[in-house]
1. Of all residues in the range 182-191, which are open to solvent by 20 Å² or more (accessible area, probe 1.4 Å), outside any loop (DSSP other than H, G, I, E, B) and of a type outside the set (Phe, Trp, Tyr)?
2. What about residue 102, is it open to solvent by 30 Å² or more (accessible area, probe 1.4 Å) and over 27 Å from residue 239 (Cβ atoms)?
3. Can you say whether residue 121 is of a type outside the set (Gly, Ala, Ser), outside any strand (DSSP E or B), in contact with a Ser or Thr (Cβ under 7 Å, 6 or more places away or on another chain) and at pLDDT below 95, as far as the supplied structure shows?
4. I need a count of the residues in the range 394-446 that are among the hydroxyl-bearing types (Ser, Thr, Tyr) and either over 27 Å from residue 363 (Cβ atoms) or surrounded by fewer than 24 Cβ atoms within 10 Å (Cβ to Cβ) (or both).
5. Give the residues of the range 132-165 that are in a strand (DSSP E or B) and either under 28 Å from residue 95 (Cα atoms) or without any contact (Cβ under 8 Å) to a residue 12 or more places away in the chain (or both), sorted by residue number.
6. Would you pick out the residues in the range 200-230 that are surrounded by fewer than 20 Cβ atoms within 10 Å (Cβ to Cβ) and at pLDDT 85 or above?
7. List the pairs whose first member sits in the range 483-496 and is in a loop (DSSP other than H, G, I, E, B), whose second member is open to solvent by 50 Å² or more (accessible area, probe 1.4 Å) and at pLDDT 85 or above, and whose Cβ atoms are under 7 Å apart, counting only residues at least 6 apart or on separate chains?
8. Is there a residue being within 24 Å of residue 396 (Cα to Cα), open to solvent by less than 10 Å² (accessible area, probe 1.4 Å) and in contact (Cβ under 8 Å) with a residue 24 or more places away in the chain anywhere in the range 121-131?
Amino acid sequence: MIEVATELLAELAALLKERVGLHVRRDGHSALKIALAARLDELRGEVPDVAAYLRLLRSRTGDDELRCLLPLVTVGKTSFFRDERQFRAFDALAPTLLDRARRGGRPVTIWSAGCATGEEPYSIAMALAEAGGEPEQVEILATDVTPEAVHFAARGAYEPRRVREVPGPLLERHFDREGDQYRVRPHLRRLISAIRPHNLVSAVFPRPEKGGWDVIFCRNVIIYFDTPTTQQVLTQFHNALAPGGYLFLGYSESLFRLFEGFELTEVAGAFLYRRPEGARPTPVPARPRLVPSSPPPVRHIDVRPPPPASVRAPGAGPLPPPRVPDAPLAPQEFLDGAIALFAEGRFGAARELLERMLERRGEDLAVRLTLANLYGSLRQPDLARGCYEAALQLEPLSAEAHLFYGVHLLTQADVEGASLELSRALFLDPDLILGHYYLGRCREAQRDPNRARLAYRNALEAFRRRPAGKRQAFLGYYPDIPEDGTAFSRAAEYALAAL
């Protein structure tokens, strides 16, 4: 590992906190070193040392490089067939799993949790393909918290230096050379069921169509979590695995005195964690309650573009008494029910249902964001602020969470805080039309007309870039926010003309 001065690591950690709200503790500095080593290796000859790299990140052209660094900070260095011993172990397990599928049993189910830019799931797919696996016999899910990494993995195209760990015969069988890149062939892609975002600290973990996962790869990810979060994630892994299923962790990630639900076993020279046959699901540890911070002094600023959405027609009669279901519901059913109540103007019942879901089922980003917006509608800014902060603890790289937290801060006259959160949102997703619009409102409040004009122009440009008919998809429910961006582009035009 490269040697990096402590003050430079602290400077990088501060930059990540400033730009995207990602908090890296001192015990996570080793992860920063891994990420720095990977980027300096890639930029060899262009950036001589860490100090120069930090200057690059702070330069006008530093945003693109920061987007390259982020996936490595959150998941570490990645490569094809990383750790030969573990892939030898997987090769030893594959024939038995595939034989079950061929005999009419359920498919082989593999989850690559923290898949980064896709090298791991494609390596798994190659191993199964070499063992004779067919798409109908295999279900591979690849997930990562970083949208940029998920997008890269879904493309499945790699520069020559990134496939240097792939043996020549496998490269010929499973990749096509396209110019200066190697692209994954369709037959290999068909072994991967989905590549999508997922946060490992969420309350809901994906499951295969039948049974549990046979194998979960989650290597060099939990080293970024504190002990309570790690125990929650391991509990979820334990429950998501099929009895007898295997958990592949990084070699620096020991469960000694941390989690007792797995048995340590050796397979082909590699040590793996295994869920014992017949093991019962482990209760998920309770999450600590989050105390909302104190609100800033309130001065109302109207930030919603007209006209506001109507939630209930005049003369519709009295509302029936709210009913919150006691029967067990799936998480999406809870959320859909709360959204329906919210849309009908039954705010109290919606609030009760959302709060009950968080209490009973643990943290969920969509629920947090919807509840935060509901608190805002109920004129409870302190609870809304605390809820947005909880959402960002859950997912520091959520552009949506930064966006709507910024909007909330603007309604509370915290213009500096709002501009910071909106800038973070736009770094993570430059196509957020309403993010540019609200940042323009912040710049006007800061008496900076030049930067306000730039923000409004960026809103119009983002609207022009959006394909016709495409709507902005959000996890949370925001009834007064048009999803197609038209209202905000029009408001940006009016604001620009008035400056």
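The values are calculated or read from the model by the stated rules, or taken from the named source; none is laboratory data. Everything numeric here is computed off the predicted structure, so don't read it as measured data. Here the Cβ is made from the backbone with ideal geometry for all residues, glycine too, and neighbour counts use every protein chain on show. The accessibility values were calculated without ligands, DNA or RNA, using every heavy atom of the protein model including side chains. Shrake-Rupley method; radii C 1.70, N 1.55, O 1.52, S 1.80 Å.
1. Keep residues of the range 182-191 that are open to solvent by 20 Å² or more (accessible area, probe 1.4 Å), which gives 182-183, 185-187, 189-190.
Right, trim to outside any loop (DSSP other than H, G, I, E, B) and you get 182-183, 186-187, 189.
Listed by number, the residues that qualify are 183, 186, 187, 189.
2. Considered against the rule, which asks whether it is open to solvent by 30 Å² or more (accessible area, probe 1.4 Å) and over 27 Å from residue 239 (Cβ atoms), residue 102 comes out as yes.
3. Values: of a type outside the set (Gly, Ala, Ser): yes; outside any strand (DSSP E or B): yes; in contact with a Ser or Thr (Cβ under 7 Å, 6 or more places away or on another chain): yes; at pLDDT below 95: no.
Spelling it out, it is not the case that residue 121 is of a type outside the set (Gly, Ala, Ser), outside any strand (DSSP E or B), in contact with a Ser or Thr (Cβ under 7 Å, 6 or more places away or on another chain) and at pLDDT below 95.
4. The first filter runs over the range 394-446 and keeps only residues among the hydroxyl-bearing types (Ser, Thr, Tyr), leaving 398, 405, 411, 419, 423, 437-438.
Restricting the remaining residues to those that are either over 27 Å from residue 363 (Cβ atoms) or surrounded by fewer than 24 Cβ atoms within 10 Å (Cβ to Cβ) (or both) gives 411, 419, 423, 437.
Result for the range 394-446: 4.
5. Selection gives 138, 139, 140, 141, 142, 143, 144.
6. 205, 206, 207, 211, listed by residue number.
7. The qualifying pairs are 485/463.
8. The first filter runs over the range 121-131 and keeps only residues within 24 Å of residue 396 (Cα to Cα), leaving none.
No; the residues of the range 121-131 include none that is within 24 Å of residue 396 (Cα to Cα), open to solvent by less than 10 Å² (accessible area, probe 1.4 Å) and in contact (Cβ under 8 Å) with a residue 24 or more places away in the chain.
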